[in-house]
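> Can you read through this structure? Questions will come right after.
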Amino acid sequence: MPLPASSKPLRADAERTVRAILEAAERVLSENPAASMERIAEAAGVARTTVHRRFASRDALITALATWATQQFREAVEAARPDTAPPAVALYQATANVLRVKVSWGFAMGAFPTDAPEVERVHAEVLARCAQLFTRLRDVGLLRPDTDPDWARRVYYALIHEAAAEAPDTDAAVDALATRVVDTLLHGLGTRPAP
């Protein structure tokens with residue numbers, strides 16, 4: 001899993017340090033969004049000066065954290081092969097993958113800075129991929145022919161958001177929630193008319 005892009009590539013040990021800091025920041029900030037850089041350094045097992053050397057400010061650290069989570073979000077969607085897998089398979093796999101990212105990186109996924117071009121670019125790419133997938137779902141008959149793919153996508157995002165709030169702690173729980181999200185999207189909650 002690549003780290004956020006910087007002006008120059010990091011050595012392997014420096015990359016491990018940055019990753020440890022980002023992972024610690026996610027854990028610490030999830031518990032206490034006001035936690036200090038010192039607390040994050042302690043959780044990462046590094047000196048406070050190491051955190052400050054890698055991240056000029058708390059805002060820079062949060063931007064890097066959001067960028068990293070965004071990259072994982074993109075990878076989760078891409079791994080579902082939304083353009084080539086059968087649409088129902090792609091929808092389920094994207095759902096399970098994205099839920100895993102949202103649960104593991106909940107603070108970072110909610111901390112998207114408005115002035116981070118990389119975050120905005122990746123979100124635009126993911127939005128385009130999801131729009132294509134929802135058009136495919138409609139075209140193969142998994143969504144009604146009169147379904148607005150944009151509306152369906154927004155409903156789907158809301159379902160994922162709510163499912164992630166349950167914070168499943170095992171792969172089986174994530175898979176069950178993914179199944180519930182997809183079933184709710186494709187079949188709704190109302191009773192089905194008798195044949």
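> How many residues, within segment 58-115, are under 18 Å from Leu127 (Cβ atoms), small (Gly, Ala, Ser) and touching a Pro at 6+ places or on another chain (Cβ under 8 Å)?
Of the residues in segment 58-115, 3 are under 18 Å from Leu127 (Cβ atoms), small (Gly, Ala, Ser) and touching a Pro at 6+ places or on another chain (Cβ under 8 Å).
> Working only within segment 174-190, note down all residues that are hydrophobic (A, V, I, L, M, F, W, C) and without any contact (Cβ under 8 Å) to a residue 24 or more places away in the chain. Please lay out each step first, then the result.
As a first pass, look at segment 174-190 and keep what is hydrophobic (A, V, I, L, M, F, W, C): 174, 176-178, 181-182, 185-186, 189.
Selection gives Ala176, Leu189.
> Let me ask something else about it. Would you mention how many residues in segment 73-86 are assigned to a helix (DSSP H, G or I) and surrounded by fewer than 20 Cβ atoms within 10 Å (Cβ to Cβ)?
Summing the residues that are assigned to a helix (DSSP H, G or I) and surrounded by fewer than 20 Cβ atoms within 10 Å (Cβ to Cβ) in segment 73-86 gives 4.
> Among the residues of segment 87-109, which ones are small (Gly, Ala, Ser), surrounded by fewer than 21 Cβ atoms within 10 Å (Cβ to Cβ) and at pLDDT below 90?
Matches in segment 87-109: Ser104, Gly106.
Here's the yes/no breakdown for (1) out of contact with any helix residue (DSSP H, G or I) (no Cβ under 6 Å at 6 or more places or on another chain); (2) within 27 Å of Asp171 (Cα to Cα); (3) outside the structural domain of Thr170 (by TED's automatic domain parsing); (4) without any contact (Cβ under 8 Å) to a residue 60 or more places away in the chain:
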site: Glu75; (1), (2), (3), (4): yes, yes, no, no
site: Thr84; (1), (2), (3), (4): yes, yes, no, yes
site: Ala94; (1), (2), (3), (4): no, yes, no, yes
site: Arg100; (1), (2), (3), (4): no, yes, no, no
site: Trp105; (1), (2), (3), (4): no, yes, no, no
site: Met109; (1), (2), (3), (4): no, yes, no, yes
site: Val122; (1), (2), (3), (4): no, yes, no, yes
site: Arg129; (1), (2), (3), (4): no, yes, no, yes
site: Asp139; (1), (2), (3), (4): yes, no, no, yes
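> Please list, ordered by residue number, the helices (runs of 4 or more DSSP H) wholly in segment 1-57 having 3 or more residues that are at pLDDT 90 or above and under 24 Å from the mean Cα position of the chain (by Cα).
So the answer is 12-31, 37-44.
The values are calculated or read from the model by the stated rules, or taken from the named source; none is laboratory data. All values derive from a computational prediction rather than experimental measurement. Using ideal geometry, Cβ is built from the backbone for each residue, glycine included, and neighbour counts are taken over all protein chains shown.
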